[in-house]
1. Just to verify a result, which residue in the range B:34-56, among those that are in contact (Cβ under 8 Å) with a residue 12 or more places away in the chain and not hydrophobic (A, V, I, L, M, F, W, C), is nearest to A:His124 (Cα to Cα)?
2. Conditions first: (1) part of a helix (DSSP H, G or I); (2) surrounded by 13 or more Cβ atoms within 10 Å (Cβ to Cβ). A:Asp7 passes all but one, so which condition is the exception?
3. Do you know which residues across the range A:91-136 are farther than 21 Å from B:Ile48 by Cα, within 9 Å of another protein chain (Cβ to nearest Cβ) and out of contact with any Pro (no Cβ under 8 Å at 6 or more places or on another chain)?
4. Testing A:Pro49 on (1) in a loop (DSSP other than H, G, I, E, B); (2) surrounded by 14 or more Cβ atoms within 10 Å (Cβ to Cβ), one condition comes back false. Which one is that?
5. Given the conditions (1) surrounded by 16 or more Cβ atoms within 10 Å (Cβ to Cβ); (2) part of a helix (DSSP H, G or I); (3) within 8 Å of another protein chain (Cβ to nearest Cβ), and given that B:Val29 satisfies all but one, which numbered condition is not satisfied?
6. Name every residue in the range A:52-69 that is surrounded by 22 or more Cβ atoms within 10 Å (Cβ to Cβ) and either among the hydroxyl-bearing types (Ser, Thr, Tyr) or more than 18 Å from A:Arg14 (Cβ to Cβ) (or both), in order of residue number.
7. Return the residue satisfying two criteria in turn: it lies in the range B:32-47 and is among the aliphatic types (A, V, I, L, M), closer than 16 Å to B:Thr14 by Cα and away from every other protein chain (no Cβ under 11 Å), and of such residues it is surrounded by the most Cβ atoms within 10 Å (Cβ to Cβ).
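The values are calculated or read from the model by the stated rules, or taken from the named source; none is laboratory data. In this text the structure is predicted, and so the values were computed from the model without any measurement. No Cβ is skipped: glycine too gets one built from the backbone with ideal geometry, and neighbour counts run over all protein chains shown.
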Amino acid sequence: MVVTPEDEARAAVREQYDMVVAQQDEYGWRTAIIDTGDYLVIFVKIEKPHGRTFVLSLRCDDYPEQAPELRFVAPAAFDQPSDAWAPAAEFCPRGESIVNEAQRGPLPVACIKGHRDYYAGGWHQGWSNPPAHDHSLYQLVMNVRNAILNRWS
Amino acid sequence: MANHEIRIIIVYGTNKPLDVKSDEAIGTVKVAAMGLFGIPASEQGQYILRAKIDGTEEQLNEAKTVEDYHLHTDQKVTLAAGTPFGCA
């Protein structure tokens, strides 16, 4: 049996996804995963108490060679997850460490380690294959969750 | 109060038990928790411990002790990145 780079990427993503799933009751997030045929996409729903509901889309193409692409999509996307959901600024959190749209692209960018835009264009260093513990996909979800609860709105 | 040992649960993707003493500093507990997951002590500045204290999740002060927070057996303590942000 031939193991392709795509198979290796799927296995690496699944390992991290299983860790996220294992803690969903503890941290109150909800998870889903889809296979587009070329790569996996993880969806994580995080509800801020007395606040908004956020849905993260993590496109894991060529993981861990490159970091997952983090986007915020409509909350409805969680119930019908697909890669057809378009991200939009209105679905993004706001607050400290969020770079507003038009500064680095058409969407706001979370300045938080572990996702592709954070490292793009040499903005920050630190991505490696395999990723360091504090840059891992699981830790990204945890960091975003903590930021939503404590820093973002 | 007499020094005694309890077993807390460190959460970092998977859950792992850690035996700690009541007079142990949170900073020491953190390094031990990192060791459970193969994270070298040299990276301790990049991590924090969080736990629910009186129903509210908060970052634990590393200068305080296990007893100061009344951590108890089977209490879940989260190991998390302390400075995940790249800019203000």
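1. For the range B:34-56, the residue satisfying everything is B:Gln46.
2. Only one criterion in (1) part of a helix (DSSP H, G or I); (2) surrounded by 13 or more Cβ atoms within 10 Å (Cβ to Cβ) is unmet by A:Asp7, namely (2).
3. Passing the criteria: A:Tyr118, A:Trp123, A:His124.
4. Checking A:Pro49 against (1) in a loop (DSSP other than H, G, I, E, B); (2) surrounded by 14 or more Cβ atoms within 10 Å (Cβ to Cβ), the one that fails is (2).
5. Every listed condition holds for B:Val29 apart from (3).
6. Once the filter is applied, which keeps residues that are surrounded by 22 or more Cβ atoms within 10 Å (Cβ to Cβ) and either among the hydroxyl-bearing types (Ser, Thr, Tyr) or more than 18 Å from A:Arg14 (Cβ to Cβ) (or both), the range A:52-69 yields A:Phe54, A:Val55, A:Ser57, A:Tyr63.
7. That would be B:Ala33.
Matching residues to (1) buried (at least 22 other Cβ atoms within 10 Å of the Cβ); (2) at pLDDT 95 or above; (3) not in a helix (DSSP H, G or I):
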{"site": "A:Pro81", "(1), (2), (3)": "no, yes, yes"}
{"site": "A:Ala86", "(1), (2), (3)": "no, yes, yes"}
{"site": "A:Gln103", "(1), (2), (3)": "no, no, yes"}
{"site": "A:Tyr119", "(1), (2), (3)": "no, yes, no"}
{"site": "A:Asn143", "(1), (2), (3)": "yes, yes, no"}
